[in-house]
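Structure first, then comments.
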Amino acid sequence: MNYYEWLGELDAIEIRFPDRQSNGFWMVEGTPVIGWSEYLIAVYFCPDPPVFDFGLADNAWPVFSPQMRRLMEAIAPGLIQFLPFRFQRPDGTGQVTSYCVGQLLRRVDCLDRTRTKVRNNWQPVNSWGDLGIYRPIVVSRRLIGEERLFRIQGKCGSIVIREDIKDAIENAGFKGHRFDLLECTE
């Protein structure tokens, strides 16, 4: 089985969550969010209200359309906590509802430490434990086990999906994202 890094489109819409620090919640990768407010407002910077199925906000939070959410709840139940929010232009016009931030509930320590190249001898580069990883990212199938959708411990900005989930997304006709094949070792 192959694994892919799931990314927003190269020319994805810029979405920012300017007041995320003051809303009483904290996103810790791999754990459910407590205290989220569905009244959280994000802003977008394009002339027309955006329409997309999947994208990454500027802070690497995945954003799901209602249709993508339904698919993910069906094919990957229990792997994502969906957190509703509203977004609008910076001037407050063009409000869009029904989209969700997705908090991935799995984080897997799966980097192949013999083949992945990093800076600083595997010392974290920030307080979240991210490593200074050079591409290509090399993951170990043995360490992944049966996981299907997760973030990589040490590179929490990356979302990894197994081939069967990628195929289901593509077969459903969703657009607005891309899948980069990851190098895997046994």
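Remarks
- Residue count for segment 113-128 satisfying the condition of being open to solvent by 30 Å² or more (accessible area, probe 1.4 Å) and in a loop (DSSP other than H, G, I, E, B): 11.
- Count of segment 32-44 residues which are within 16 Å of the chain's Cα centre (by Cα) and open to solvent by less than 60 Å² (accessible area, probe 1.4 Å): 1
- Matching residues in segment 152-165 - criterion: being buried (at least 19 other Cβ atoms within 10 Å of the Cβ), at pLDDT 90 or above and not in a strand (DSSP E or B): 165
- Scanning segment 45-104 for residues that are of a type in the set (Val, Ile, Thr), open to solvent by 10 Å² or more (accessible area, probe 1.4 Å) and not in a loop (DSSP other than H, G, I, E, B) returns 75, 80, 96.
The values are calculated or read from the model by the stated rules, or taken from the named source; none is laboratory data. These numbers come from a predicted model, not from an experiment. Please note: Cβ atoms are built from the backbone with ideal geometry, for glycine as well, and neighbour counts cover all protein chains shown. Quick note on the areas: whole protein, heavy atoms, side chains included, nothing else; ligands and nucleic acids left out. Shrake-Rupley method; radii C 1.70, N 1.55, O 1.52, S 1.80 Å.
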